[in-house]
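Novice: After the structure tokens below, expect a handful of questions from me.
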Amino acid sequence: MKNLKEFKKMKEAGDKIAMITAYDYPSGKYVEASGADVILVGDSLGMVIQGYENTLKVTLEDMVYHSRAVRRGAPNTFIIADLPFLSYHINLAETKRNAARLYRDGGINAVKLEGGKASRVDAIKAIVDCEIPVCAHLGLTPQSIGALGGYIVQGKEEKDYQRILQQAMEIEDAGAFMLVLEGIPEPLGEEITRKACIPTIGIGAGRYTDGQVLVFHDLLGMSDIKPKFVKQYANLGQDIPASLSQWKDQVKNKEFPERRNVYNPMD
Ligand code: KIV
């Protein structure tokens, strides 16, 4: 399992960091087998697992439950789990308690939280003060969907560009060990990556971040929507229903089970 020092060395050496989301035992197992450096138990599970239209209904209990399952599937991979909406927004005492609960009971290696305004920088400092590694997340932060007015690329205007750049530097000073950059123009991803000492992981942030992350279901073709930044490496969204209906047809046609699928008294 890689550690914080190794991620920093990878950045310094120009070795790209590969992160994939996972949400349960089998996806954890598959991602570990891929050799990816990091698993993210993302609160995107609210959408791809629970079927909500956004991530806001995911609870801390959900995150602990899914993190534990992923850890069972991926005992040897560095796992980051998302702190869900409202788990670090109220006050620093609640923030620390929630981060510690997810870290301890989820069996993970680090937590992630979204945003870069002053209260988020304080939250990062408070969690780091509990000896819990923190990954930050800037740009298009899905938990701020209401305030952002939708899934809109951030940092296109100069003022916004400079604000995100400034927040990246403050987050690094606060003690975050890694920074996810989502939905920003490539030049901003490149500039933050060049100026920051901590590794940046992009999703829709261009080619120059220190690593890349994709959602498991997007990568495997199991999502209904396909944003521009997604590259699909399989088409399970078609393969799974085709296999299920083939099996159903074989049952109806009495082609399943075959002789080799049944137990005989002599076995
Ligand atoms: O929840 C998630 O999966 C994420 C990634 C999209 C970075 O935060």
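Novice: Counting only residues that are assigned to a helix (DSSP H, G or I) and small (Gly, Ala, Ser), which one in the range 117-146 is nearest to the ligand (Cβ to nearest atom)?
Specialist: Within the range 117-146, the first condition is being assigned to a helix (DSSP H, G or I), and the residues that meet it are 118-129, 142-146.
Restricting the remaining residues to those that are small (Gly, Ala, Ser) gives 118-119, 123, 126, 144, 146.
Numbers: ALA118: 22, SER119: 19, ALA123: 16, ALA126: 21, SER144: 12, GLY146: 17 Å.
In this case the residue turns out to be SER144.
Yes or no, residue by residue, for (1) buried (at least 24 other Cβ atoms within 10 Å of the Cβ); (2) touching a Leu at 6+ places or on another chain (Cβ under 8 Å); (3) of a type in the set (D, E, K, R):
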position: LEU4; (1), (2), (3): no, no, no
position: LYS11; (1), (2), (3): no, no, yes
position: TYR25; (1), (2), (3): no, no, no
position: ALA33; (1), (2), (3): no, no, no
position: VAL38; (1), (2), (3): yes, no, no
position: ILE80; (1), (2), (3): yes, yes, no
position: ALA100; (1), (2), (3): no, no, no
position: GLY106; (1), (2), (3): no, no, no
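Novice: Further question on the same structure: Give the residue, chosen from LEU56, LEU40, LEU60, that is within 14 Å of the ligand (Cβ to nearest atom), over 14 Å from the mean Cα position of the chain (by Cα) and touching a residue at least 24 places away in the same chain (Cβ under 8 Å).
Specialist: Working: LEU40 fails: over 14 Å from the mean Cα position of the chain (by Cα); LEU60 fails: within 14 Å of the ligand (Cβ to nearest atom).
Answer to the check: LEU56.
Novice: Just checking: which of the helices (runs of 4 or more DSSP H) contained wholly in the range 38-116 hold 3 or more residues that are over 22 Å from LYS226 (Cα atoms)? Spell out how you get there, then give the answer.
Specialist: Details: elements: 45-48, 60-73, 92-106.
Those helices (runs of 4 or more DSSP H) span 60-73, 92-106.
Where a number appears in this text, it was derived from the coordinates with a stated rule and is not lab data. Model, not experiment: these values are computed from the prediction. Virtual Cβ from ideal backbone geometry, glycine too; neighbours counted across all protein chains shown.
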